[in-house]
Amino acid sequence: MITVLSLTACGGGGGESSGGDRPSIGDIEGQITQSSGDQVSEKQATCLAKTYYESDLSDEAVRLLVEAEDVSTISPEDLSKADQKASKELYEPLVKCLSPAE
């Protein structure tokens with residue numbers, strides 16, 4: 001879970017990728033699964049990916065998340081001010097994805 005929470009804290013990234021559209025939910029889920037190993041279930045990874053996809057993060061920020069070799073190296077300074085704000089707003093929805101089913 002720690003790896004995924006670092007994803008949450010970083011909330012994606014921004015800026016260096018150019019052009020293109022927002023990565024798909026499948027692309028985002030693939031990165032989450034790769035980064036978290038067996039710490040996140042398939043259902044949790046799908047929820048996290050959908051939350052990132054539907055977020056107010058810019059397409060560039062979501063692309064950086066997907067394209068990063070190590071998401072733990074993404075820092076708030078890599079984000080625009082708008083993406084920093086959007087990232088903070090993602091905390092609770094992402095934690096909810098990681099909570100055990102009721």
message: Return the residues of segment 54-82 that are under 20 Å from residue 96 (Cα atoms) and in contact with a Lys or Arg (Cβ under 7 Å, 6 or more places away or on another chain); say none if nothing qualifies.
response: 62
- prompt: If we keep just the residues of segment 30-50 that are at pLDDT below 90 and buried (at least 16 other Cβ atoms within 10 Å of the Cβ), which is nearest to residue 64 (Cα to Cα)?
  reply: 35
- prompt: When segment 1-28 is examined, which residues are found to be part of a helix (DSSP H, G or I) and modelled with pLDDT of 95 or more?
  reply: 25, 26, 27, 28
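Regarding residue 27, is this residue free of Cβ contacts under 8 Å to residues at least 40 places away in the same chain and either in contact with a Lys or Arg (Cβ under 9 Å, 6 or more places away or on another chain) or surrounded by 15 or more Cβ atoms within 10 Å (Cβ to Cβ) (or both)?
Working: free of Cβ contacts under 8 Å to residues at least 40 places away in the same chain: yes; either in contact with a Lys or Arg (Cβ under 9 Å, 6 or more places away or on another chain) or surrounded by 15 or more Cβ atoms within 10 Å (Cβ to Cβ) (or both): yes.
Spelling it out, residue 27 is indeed free of Cβ contacts under 8 Å to residues at least 40 places away in the same chain and either in contact with a Lys or Arg (Cβ under 9 Å, 6 or more places away or on another chain) or surrounded by 15 or more Cβ atoms within 10 Å (Cβ to Cβ) (or both).
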- line: With the first residue restricted to segment 33-60 and required to be assigned to a helix (DSSP H, G or I), and the second required to be loosely packed, with under 15 Cβ neighbours inside 10 Å and among the aliphatic types (A, V, I, L, M), Cβ contacts under 7 Å at 6 or more apart or on different chains are 39/1
- line: Per the list (1) out of contact with any Asp or Glu (no Cβ under 8 Å at 6 or more places or on another chain); (2) at pLDDT 95 or above; (3) assigned to a loop (DSSP other than H, G, I, E, B), residue check on residue 93 breaks on (3)
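The values are calculated or read from the model by the stated rules, or taken from the named source; none is laboratory data. Predicted model, so just to flag it, every value in this text is computed and none were measured. Quick reminder, even Gly has a Cβ in these numbers, built from the backbone with ideal geometry, and neighbours come from all protein chains shown.
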